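Have a look at the structure below before the remarks.
Only the coordinates and a few stated rules stand behind these numbers; no lab work does. In this text the structure is predicted, and so the values were computed from the model without any measurement. Counting neighbours? That spans all protein chains shown, and the Cβs are built from the backbone with ideal geometry, glycine included.
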Amino acid sequence: MTGAEIVLEALQREGVDRIFGYPGGANLPIYQQLPRYPKLRHVLVRHEQGATHMADGYARACGRPGVVFATSGPGALNCITGLATAYMDSVPLVAITGQQNTTLVGRDAFQESDVIGCSMPVTKHNYMVTRVEDIARVIHEAFHIATSGRPGPVLIDICKDVQQASWEPEWPEAVELPGYRPAFTPDLSRVREAAEALSKAERPVILAGHGVILSGAEEELCALAERSVTPTGTTLLGVGAFPVRHPLALHMTGFMGTGWNLKAVQNADLLMMVGMRVDDRVTAKLSEWAPSCDTFIHVDIDPSEMGKNIRPHLEVVADAKTALREMLPYVQHPQPERRRSWLTQIDRWREEHPLKYARSNGHLQPQDVMIEMYRRCDDDAIVVADVGQNQIWAALWWNYTRPGLFINSGGAGTMGFAFPAAIGAKFARPEKAVWCVAGEGGFVMTAQELSVAVKHRLDVKIVLLNNFSLGMVRQFQDDFYGGVRSEVDLSEMPDFVKLADAYGLPGLRVERMEDMRAAFDFAERTPGPVLIDFRIDPDANVYPIVPLGKGLDDFTELPDEYA
Amino acid sequence: MSTPSTTIQADPHPNPPSTGGRENEMGGREKAVSEPSRLRILSAVVEDHPGVLTRVAGMVRRRGFNIQGLSVGPTDAQGRSRMTLAVDAGHAEVDQVQKQLERLIEVITVEDLTEAPRLSRELALAKLAVAGPQRDRAVAEVDRFGGRVVDAGAQHVIVEVSGEFERVERFLEVLRPYGIIELARSGPVAMSKEVRSDER
C-alpha cells in the first residue's frame, strides 16, 4: 500500500464517515486515492478555516471526532484558528496536513511551513510523519488522544514522499503512550465528602460547563441538582446542559450572565464547579468572585484545572459523568425548610433582575428574533451561535425544558465560527433542525462556505442579526472606552439578499417586527439553506453586563427607561 | 571523581511550602504575586523524540513561566531522556508547572523536587588567562575549593568545578579576580535522596 492508502484505510478503520478538506500540492497523493474510499465522504470547503469549524461543529453535534484535510503551507496555516477554537473548547478533531518531501523540509521549499511549530500551542498533540512505517500507528494514536480524557485537536503533518512510499502496515489495536493518562478514577473519599458538603450547605450552587456536555452527564447533573435541591447554572459553553425552564435553573453565569445567577454565585456558601475552567469570563474580577463561599468543589477531568484559576477545597479529578454518578448515592435530600429561604431568595432575585430588553423604540429587537426562533426550535433544534452580541442574545434567550445543543466558540471567541460549524453540525445530525445565529461582521468572515451549504442542500437556517456594526465592540466603546466609536461601523456591507442569491440560496430581509414570522415560516418550509437578514436595532445592547474590572454582582442592567 | 559530595544546604531560591486544599489561607482566592520565590526544581522523564524540548520550552513560555536552568541527558532506559528544570512559575500557582508538564503527551513522569531532600549539581568550566606567580595562586585557589585544572597552556588554564548552584557561584567569585576569559556552565541535574517504593 502507499502511504496515502494507509492514511485512508486507517481513517476508515477509525470509523470516519466525513472529511472536511481542501486539496493542494502536498496532499495530492491522498486525494488521488480518495475516490477509491467512498465510505469517506468528503466535503470540499471554500477555505481551510471553514473545514476546521465544520469538523468542530460536526464533533460537538455528534461526539465523534471531526476530520480535516489540508495541504502544506497556507492550507495548513489556514487551519490554525480553527484548531485553536477547538483546543480552547476541548473539541476532538484530527487534522491531516500534507507537508513537503522529507528531503526538502527545512530548505524553505515551495509551500513549506513549520506546521508542527505553528500548531503546537493550539493542539493537544501533533505529529510529523517522516516514515511510511509510522502512519498507521500515528493515526490510531491521534484518534485516541483526540477523543479520550479531555478531548482536543490533534494534527498530523505527513510528508508528500511518505504518502507516496510503499509499506504493508500492521494495524495497531492498542496504543502505547506511557506519558498519557487520560482517565482518572475519582477518589471516592473526595466524592463522598463533596456529596456530603453539598447536602449540608445552606446556600449551595452548582455551575456546569462544557465538560458536562462532552461527557454526556446532563441526566446525572439534573439528578444531582434535584436530589440535593441545588440551584444550577451553566457557563456559556454549558448552555444546554441543564434545562433552563427547570425550577432550579439559574441559567447562564459569567460577566454577561443572568442577574439571578450572579446574585446566587456571589451569595453562595458552596460552589460546585463541574467540567469548567473557571476562566475570567466566568469570574469577572477574581478576587471579588463568590466572596461568601467557604467550600469550592471543583470537578474536572484535567488535573491542571485544579487551582489554575481557583484553588478548590475539594478536588474531584474525573470526567463529569463518572464523578456525578459516583456522587449521587451519597447525596442526602435536605430537609425542605433547609433550602426554602435560599430558593425563596433566588426567586426574589429572579423577579428583581429579569432579562429585559428595549421594546418600544420602533426598531426590530434582536431578542424578539431570538424568542421567535426558539419558539420554533421545539426544545430540540441545534443552535449554533457566532461571537459577539448575537452569541450572548442567543445564549440568554435559550429556553429549553430539556438538555439540548447550543454550540458556540466560547474560549477562543472566534468570529466566523457559527456558519461553518452549523454546516458541520447538520452533516453530523441530519435529522435535527439547525439554526445558525450570527452577526453580519462574523458572518462575512466565513461566508464563502455558503457554496457548501448550497452544494449539499443543507437545511441550515441562517439568522443574521444585522446591526451594521461590530456590536459588542461598539457597546464596549460606548460604555467602557469613553464613548469613542472607533472602526466599528459596518454600514458598507453586501446586500445579503443579493449575496444569498449570488450563492444560489433564498435570502430575505426583515426590517419590521410584523414581517418576522412570515420570514421564519418561509425558512422552515423551504428545504435547503435560507438566509434571513434581520435589520435589528443598531443600538441594541447586551444586558446584564459586568463592567470590565468589576466584581460579578456589579452588573449593569438595561436602564428602566428603555425597557 | 574529585567532586566533593557536599550535601545541599539551601536552595539558591528558597520556596514557600506548596499550597493546597483547606490549609491554603488563600483558599479559593487569587494568589498574592509578591512571594519571595516561585522557583520549582523538576525532574522529568520524557520520550526521546525530536521536538520534545520545543514542546516543553513552548509550554513554559506560553504559560508565563520562565526557565532558569535546564539540562537534558539520556537515562538508563532506551528511548527516554531526563530533563532537569529550574522553572519560575511566574504569576501562576506553583503547582501549575508540574501539572502543565504532565499534560504533554511525551512527558512520562514529572517529579517536583523543590521541597524534597535532594542532590543537585551543576558543572562549570572556566578559562583563565594566567601565567607565572598569578597562575600558581589561581591553581592553589582551585585546589582549595575542590575544583580541578583540566587543561593548561602557556598563557591559560581551564578549570572545572561541580556542585550545587551556590557552590559554583562562590567558586567563580573566587576566580573572577584572575580574569575569566571564557565561561561555560551547565544547567542543573537533580535527584531525590529518597527511594520511592516503585524504585526498589
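Applying 1/(1 + (r/R0)^6) with R0 = 41 Å to the Cβ-Cβ distance of A:Glu168 and A:Lys455, what FRET efficiency is obtained, to the nearest 0.05? Present the calculation step by step, with values, prior to reporting the outcome.
Numbers: r = 37 Å, r/R0 = 0.91.
After rounding, the FRET efficiency stands at 0.65.
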Over all Cα pairs of the range A:12-80, the Kirkwood radius sets Rh, and Rg/Rh then becomes 0.95
In nanometres, what is the gap between the two model label sites at A:Ile371 and B:Glu173, each 7 Å from Cα along Cα-to-Cβ?
7.5
Per-residue counts of other Cβ atoms within 10 Å, averaged by peptide: what ranking do you get for A:349-355, A:56-62, highest first?
A:56-62, A:349-355
Taking 0.36 nm per residue of sequence separation and subtracting the Cα-Cα distance, how much length would be gained by fully extending the chain between A:Ala109 and A:Asp560, in nm to one decimal?
156.1 nm
J(HN,Hα) series, the range A:542-559, from Karplus relation 6.51 cos²θ - 1.76 cosθ + 1.60, nearest Hz, glycine and proline x
8, 9, x, 9, 8, x, 3, x, 9, x, 4, 8, 8, 6, 9, 10, 4, x
If the label point sits 7 Å along Cα→Cβ of A:Gln32, residues of the range A:125-156 with amide N under 18 Å come out as A:131-133
Among DSSP beta bridges lying fully in the protein assembly as shown, give the percent that are antiparallel, nearest 5.
40
antiparallel share of DSSP beta bridges within the range A:366-551, to nearest 5, in %, is 5
What is the sum of charges, Lys and Arg at +1 and Asp and Glu at -1, for the other residues whose Cβ falls under 13 Å from the Cβ of B:Ile158?
0
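Using the Kirkwood formula on the Cα atoms of chain A, what hydrodynamic radius do you get, in angstrom to one decimal?
One over the average 1/r among Cα pairs gives 24.5 Å for chain A.
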How many nm is it between the label spots at A:Gln345 and B:Ile180, if each spot is 7 Å from the Cα in line with the beta carbon?
6.2
By the gyration tensor of its Cα atoms, with a ≥ b ≥ c the square roots of the eigenvalues, what is the shape of the range A:188-352: rounded for a/c under 1.5, prolate for a/b over b/c, or oblate?
rounded
Using packing as a proxy for protection, rank A:419-430, B:185-196 so that the peptide with the highest average count of other Cβ atoms within 10 Å comes first.
A:419-430, B:185-196
For A:Met128, residues with placed amide H under 5 Å, excluding near neighbours:
A:Asp157
Can you grab the distance from the C-alpha centre of the range A:165-198 to the C-alpha centre of the range A:459-513, Å, no decimals?
45
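For the pairs A:Lys426/A:Lys550; A:Lys39/B:Lys99; A:Lys455/A:Lys498; A:Lys39/A:Lys498, flag any whose C-alpha to C-alpha distance is greater than 29 Å.
Beyond 29 Å: A:Lys426/A:Lys550; A:Lys39/B:Lys99; A:Lys39/A:Lys498.
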Report the per residue volume, in Å³, of the convex hull enclosing the C-alpha atoms of the range B:119-190.
69
Debye, to nearest 20: dipole size of the range A:3-164, +1 on Lys, Arg Cβ, -1 on Asp, Glu Cβ
440
For the range A:465-482, Karplus-derived ³J(HN,Hα) couplings (6.51, -1.76, 1.60; θ = phi - 60°; whole Hz; x for glycine and proline) come out as 9, 9, 10, 6, 7, 6, x, 5, 5, 4, 4, 5, 5, 4, 9, 10, 10, x
Residue (of A:Val437, A:Phe520, A:Ala453) at the positive-pole extreme of the protein assembly as shown, dipole from beta-carbon charges:
A:Ala453
Where nothing but the Cβ of Lys and Arg (+1) and of Asp and Glu (-1) is charged, how large is the charge dipole of the protein assembly as shown around its Cα centre, in debye to the nearest 20?
400
quick shape note, the range A:366-551: Cα extents on principal axes in Å, largest first -> 47, 39, 34
I need two numbers for the range A:1-117: Rg to one decimal and Dmax as a whole number, Cα atoms only, in Å.
13.7, 41
Just subtract the alpha-carbon distance of B:Ser192 and B:Arg148 from 0.36 nm times their residue separation and send over the number in nm, one decimal.
13.2 nm
Describe numerically, in nm with one decimal, the distance between label points set 7 Å from Cα along Cα→Cβ at A:Thr401 and at A:Leu188.
4.0
